[in-house]
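Here is the structure we will look at, set down as structure tokens.
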Amino acid sequence: MDSLHSEPGVSSPGQIEFVYTNSDGEMIAEESFMKSTIIIKDKLSNIEWDILDETKTVNERNCQNAIIKDGPEISVWFSSEISTNRGPGYFQGLFGLVFEANDFFSTTFVTEIKNIEKSEAINELFEKYKQSPDGKVYSLKEFFLLKQNFIKTLKTE
């Protein structure tokens, strides 16, 4: 579920440029957030989820709801029918494929599943940031708190 995103002419408060997670669960990502480039490095094992009793069908799969434990309001729907701990973007580390993710600014749905060879662009970005990322590097929790504080600022103005 590595991803590379680019939408020319689209501007938003936050836009994921890429996310890569290796077989050891090490994640490296880049996001444009409020006109800054943010680098995120973390391990899937550092993401703690509370699995809720809520269920629903997403993309014809039986899914269960989970939220980030002791964190910002991020909710996902995952299906253990597909045994992987992956999902779109940062939404990984559960007991099945994440089919829907709701974060600060958007909702992401998985609409198609297919196996493709790794993109050379993803490999190049991973190697670049693995060796020497430019600027401050955030953990996922730090980055989610940064976004949460931004939302709080907007609500108080």
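Please treat every number below as a calculation from the coordinates, not as lab data. Because the structure is a prediction, the values reported are computed rather than measured. Cβ: placed from backbone, ideal geometry, glycine included. Neighbour counts: every protein chain shown.
What the table shows:
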{"quantity": "Loop-located trypsin sites (Lys or Arg not before Pro) in the stretch 33-103, at most 13 other Cβ atoms within 10 Å (DSSP)", "calculated": "Lys35, Lys69"}
{"quantity": "Positive minus negative residues near Ile40 (Lys, Arg vs Asp, Glu; Cβ under 9 Å)", "calculated": "-3"}
{"quantity": "Estimated FRET transfer efficiency when R0 is 22 angstrom, pair Ser80-Ser106 (beta carbons, to 0.05)", "calculated": "0.35"}
{"quantity": "Low-density loop cleavage sites - GluC sites (Glu not before Pro) in the stretch 45-113, where at most 16 other Cβ are within 10 Å (DSSP)", "calculated": "Glu48, Glu60, Glu73, Glu81, Glu112"}
